[in-house]
Structure formats: C-alpha cells, structure tokens
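Taking it in order: structure first as structure tokens, then the write-up.
FYI, it's all coordinate maths here, none of it is from the lab. Small disclaimer: the values here were computed from a predicted structure and weren't measured. Neighbour counts run over all protein chains shown; Cβ positions are idealised from the backbone, glycine included.
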C-alpha cells in the first residue's frame, strides 16, 4: 500500500487518549474551581452531575474538553449555571452546541482575558480589545473558506478556491485571530 509522504510518521506517533472522568471527579474539580462556598445554582448543578440526573451534563463533563468548556463559559463571576441543570442538561448535543456558542464571548470578555498592551515592549499581550461578534464572523469565514475534508498538502499550494486576493485577506484574518487569541489565557 502506497502512503502519502509524511503519513508514515503520523501513524508511528505516540498517541495519548484521555480517560473518561467520573461524574464525582468532574463535580469535585468544578467545586475546587469555584471560589468559596458554591452558590445554590452551582450546588444544584453539582447534585445533578453527581447523581446522573442530567445525562447531557454528565456526558459533557466526562471529557477534559467538555469540562474545560463548562469551566470557560460558566465559572466567571455572575454567570448563572442553571442552563447546565435545566433542559440543556438532558441533551448532550444541545449542551455542547450551547457551550460552543458562548465560548468566544466568554474567552474574549472573561475576567482572565489579558488587557491590551500599552507599549510595544509587551509582545505577548493582544494589540487591541476584540469584539466577540466580529471574531465569530472571522472564525466562521475561515471555517467556510477551507474544505472540511483533509486533503494532502502540496508544497507551495494555496488553499482551494482562494485567489491571490482571497489568500491575502485570509492571511490578514488569520493574523488578527492569532493576535486576538495569543493574549488570552483561561487559567
């Protein structure tokens, strides 16, 4: 069988597969992330998570990505977590879509977002404060501009469907997205 050049290295690479988290471990982690005594809404979410009464929430919280989504979107002060235990908590697909819809605004306007730099001497801060709607529009454009199926890369090849002007615009968009997210941290 003839493999694409470079694919053999990927097939021989070490793979790390995260194990599923137990609902108890996920609830304990989220409790530790909350400052002080959790409010009543969070206690209800933890109760539903530990007792499997919200199957969608339990499914999302079993993976590290899902747990990070919950943390990134809902652990900001003043954010109401009741949708996690409400009707969305029963449907994992709807809850994942809900969390992903709220991720960009949470990362851009959240309390852990780094403020724009005041001087060029601080290269690891964003250049300016971003608008979540504009950022979503840029990311949506990039997602639509590139094919969804993996295609072998050819050295020097442009993205399919993009002319020179489109490729130049894409570089500007990707540079602004990189600048916007390079200064974010979610710790």
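The range 57-90 and the range 10-55 have Cα centres spaced 9 Å apart.
With a ≥ b ≥ c taken as the square roots of the eigenvalues of the C-alpha gyration tensor of the range 30-73, please select rounded if a/c is under 1.5 and otherwise prolate if a/b is larger than b/c or oblate if it is not?
Numbers: a/c = 2.35, a/b = 1.18, b/c = 1.99.
Verdict is oblate for the range 30-73.
Efficiency by 1/(1 + (r/R0)^6): what FRET value for residue 13 and residue 143, r their Cβ-Cβ distance, R0 = 35 Å, to the nearest 0.05? The pair residue 13/residue 143 has a calculated efficiency of 0.85.
Based on C-alpha pairs under 8 angstrom that are at least 6 apart in sequence, the range 23-109 has a relative contact order of 33 percent.
So, by mean Cβ neighbours within 10 angstrom, what's the order for 80-91, 120-131 with the highest one leading?
On the way: 80-91: 18.2, 120-131: 12.4.
Output ranking for 80-91, 120-131: 80-91, 120-131.
Please find the FRET efficiency linking residue 80 to residue 24, where r is the Cβ-Cβ separation and R0 is fixed at 25 Å, and quote it to the nearest 0.05. The formula returns an efficiency of 0.60 here.
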